[in-house]
Amino acid sequence: MDGHALDVLELAAIRERLASHTSFSASRALAEELLPSPGAAEVASRQALCAEALQLIALGSPHMAGAHDVRGEAEHAGRGGALGVDALVEVAETVRAALGVRGHLAEREGTAPLLWGRASEISETLAVVADQLERALELDPPGVRDSASPKLKTLRSELATARRRASDRLRSLASDPDLQPHLQEDFVTERGGRPVVAVRASARSAVPGIVHDTSNSGQTLFVEPFAIVELSNRLRELEGEERDEVARILAELSRHVGAHADELAQAVEALAAIDFALARGALSRSWRGCPVTIGDDVELIAARHPLLDPATVVPVDLPLTGVRVLVLSGANTGGKTVALKTLGLCALLHQCGLQPPAERARLPVFADVVADIGDEQSIAASLSTFSGHVRNLVHVLDAATPQTLVLLDEVAAGTDPIEGAALARALLDELSQRAALTVTTTHYAEVKQWASATPGALNGAVGFDQETLAPTYTLTLGRPGPSHALEIARRLGLDERVIERARAGLAPERVETERLLSEAARAEQAAVRLRSEAELERGEVSALHEQVARHEQAQRTAAAAAQAAIAEERERARADAQRDLAAHLAELEALREEVRAARREERRRREAPGAEERAAEADRDRRLGAADAHARAAARAIDEGLDAPVRQTRALEPGDPVRARALGLRGVIGEIADGVALVQGGAMRVHVPLEQLEPDPEGARSARDAEPAVRVRAAAMSHAPSLLDLRGQRADEAREAVRQLVDDAYLAGLPEVEIVHGRGTGAVRAAVRAELDRHPLVERHVSESADGATRVTLASRASS
């Protein structure tokens, strides 16, 4: 790749960002040396690794902590050299990191097969190296363990004892009353690795020993007393033996590392390649890159310059299918050069193995990218700006091939406009035959006309706000852009008379062309604004439609829930009514049997009953038969009434007093929605279909004063049990027994009853208390016998 093009397109800044995402020096070096590849197979391989890295990052990246580039240390050990403690610790940490990455990728072989292929190059036999190093070395802080060898352990134990003895002996001497007057200080210190005491220079002879140092003033001598010289000598001998043993252990460990030098180097290279791929994925993710389709033409949608602030950069669209030359024109500071560099850098990123920042991308694999961007003036080389550009253009023409991307900023500028325009047209015409794609910026009207008239060439205009005279940095293909030089000069404060004089000096056709281009740009901006407003309104309408749909769905859901609740309530009411009716029928049958038994008994007592008694018996039979018929008719009415809709005489409205015979409900309509009324009956609010309601002729009364919809009167029982034992029964049996007990006790006039249910699992106790909570004849109930029984207080007959 052309080095000058890589420089002006700022690939070095991309490499620096990439390096910041790496984990250790070996992968950082790969990032700093990265160059785009001209080979399609290599580019495809790089992109595949980047795509796998992105997937791996989303799932969880392997940890590279502890990895070091130990290839130099491994090579040194392989040649027989000894490694220090720090180098051996780095080898151990690197092996552990490499094996960790290998294990992590082995678990994700299906997700990242290419990365696993690199990780599989890490030899598992390196675990033996790490084990041996970790047994012998302390990793944090680095050092050799006492247990590295039996001899080292013994020497360090003897060293500790010898140091303790020397220190104790020296402190004993320092605290000797005969010596203390001759000491400058009473502390013990070292000089040259030997224990010493600070002795006054004037009392040198009072402390026999070896002088190792003197103070700056000469008033203090640091003396090693003869009494501890032998102990100190022994200490030095042990320290020397310890150093020798540590050196022997490190040499042995180094030989072991050297035996695996090639495997270590291969592991570092695999780690670096994996970390480098992860860095490319992380950087691509940071600027929201997209995968690239390799094709013959350039198509970039919403491409962004990766080095500009993503919050402010304006995306550009470059759909260049079938285009050989693109001519960008428009106002200065309008973004022509940014668009030029965005295209060039996206192509380089693709061939470096990174995903370019765009929403969609199709790019060829260019064999080379050449560029002439910026001021090429050089005083040292006696080159003017134009001369520098011409020198670059010579290189561009020489390098142009059918696989070359050519980027030219202000082609043939810096010289006579007429000759420069002619040179620019000729150069672009030649490049359209030689290069794969040429993109140039220009202010030459003749070049814009050439692009409009030449097959395979295309004009492009950078955005410029006609109202504010400020650049918009957008890019529109298919038309040239006016330069707006006079308008910009006016905005920057140039004298109006000068501007008008310049305008008068323009050729009429040039003025007309600029006017038409400005009007076209203004019309396009107006169309864009209208389209944006239409899109906004369309979005608002769509949001309203969605809101209405959600509201309708919510209403349908609520109505369905209300219907389900009403059906459930109706079924419950039918079941309760049927149970009550069955109980009354049973009571009626028992009463009839009782009367029959009494009649038979009376017949036995009286063989010839009188006419009056027979008439009374007949009357009782008639009354019983009538009661039975009424009860059965009530059963049929209940079955029919719960399902049959109520005939409405008029439309019901909120505020109307109504009743629902099927539910035994009276109340006032609060609101009506979708054929369902919310009925307030006392403290209860119920949703009821309108077809089940009818006007209440008596009007709405409060729940406290309202007459119940159904009143059952039964004769008082002469006796009822006050104690019920439910232990051993199931929950459903217990509920039925509780209902029967409360009914009987109430009819018998008992104020309280007691229910024994035991503690057990609590299921029977819970069923009993739930039944008591909803029974209308229960005033309250309390726990008894450590929660094994419940005492029930019944409602008084008077209040009922």
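The values are calculated or read from the model by the stated rules, or taken from the named source; none is laboratory data. Everything numeric in this text was worked out from a predicted model, so none of it was measured. Cβ sites come from the backbone with ideal geometry, for glycine too, and all protein chains shown count toward neighbours. Heads up: the accessible areas ignore ligands, DNA and RNA and are worked out on the full protein's heavy atoms, side chains in. Shrake-Rupley method; radii C 1.70, N 1.55, O 1.52, S 1.80 Å.
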*Matching residues in region 33-44 - criterion: being in contact (Cβ under 8 Å) with a residue 24 or more places away in the chain and either open to solvent by 60 Å² or more (accessible area, probe 1.4 Å) or part of a helix (DSSP H, G or I) (or both)*: L35, P38, A40, V43, A44
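Could you tell me which of the residues E754, E733 is outside any helix (DSSP H, G or I), surrounded by fewer than 19 Cβ atoms within 10 Å (Cβ to Cβ) and either in contact (Cβ under 8 Å) with a residue 60 or more places away in the chain or not aromatic (F, W, Y) (or both)?
One residue alone meets the criteria, E754.
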*Name the one entry in R531, R510, R501 that is open to solvent by 60 Å² or more (accessible area, probe 1.4 Å), over 16 Å from N332 (Cα atoms), modelled with pLDDT under 70 and assigned to a helix (DSSP H, G or I).*
R510
*Tell me, yes or no, whether region 61-70 has at least one residue that is surrounded by fewer than 19 Cβ atoms within 10 Å (Cβ to Cβ) and in a helix (DSSP H, G or I).*
no
*Taking the condition under 55 Å from the mean Cα position of the chain (by Cα), closer than 22 Å to S796 by Cα, small (G, A, S) and surrounded by 13 or more Cβ atoms within 10 Å (Cβ to Cβ), does A745 pass?*
no
*asked:* Could you tell me how many of the residues in region 400-417 are at negative phi and open to solvent by less than 20 Å² (accessible area, probe 1.4 Å)?
replied: 7
_Looking only at region 433-458, filter to residues that are part of a strand (DSSP E or B) and either open to solvent by 30 Å² or more (accessible area, probe 1.4 Å) or among the hydroxyl-bearing types (S, T, Y) (or both); which one of those is nearest to T337 (Cα to Cα)?_
T441
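Residue-wise test of (1) at pLDDT 85 or above; (2) open to solvent by 40 Å² or more (accessible area, probe 1.4 Å); (3) under 51 Å from the mean Cα position of the chain (by Cα).
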site	(1), (2), (3)
A381	no, yes, no
L393	yes, no, yes
L428	yes, no, yes
G481	no, no, yes
G493	no, yes, no
_Looking only at region 228-263, count every residue that is within 30 Å of I210 (Cα to Cα), in contact (Cβ under 8 Å) with a residue 24 or more places away in the chain and surrounded by fewer than 14 Cβ atoms within 10 Å (Cβ to Cβ) and tell me the total._
1
*Taking into account only those residues within region 17-32 that are touching a residue at least 12 places away in the same chain (Cβ under 8 Å) and open to solvent by 40 Å² or more (accessible area, probe 1.4 Å), which is nearest to A399 (Cα to Cα)?*
E32
*Scan region 274-297 and report the pairs whose first residue is at pLDDT below 95 and whose second residue is of a type in the set (V, I, T) and exposed (fewer than 15 other Cβ atoms within 10 Å of the Cβ), with Cβ atoms within less than 7 Å and a gap of 6+ or a chain change.*
D297/T321
_Tabulated pairs, region 76-95, first of a type in the set (K, R), second buried (at least 17 other Cβ atoms within 10 Å of the Cβ), C-beta under 9 angstrom, 6+ apart or interchain_ = R79/G258; R79/A261
_Tally up the residues in region 268-304 that are more than 33 Å from the chain's Cα centre (by Cα) and small (G, A, S), please._
1
_Set E185, E124, E134, E138: member being of a type in the set (D, E) and more than 47 Å from the chain's Cα centre (by Cα)_ = E185
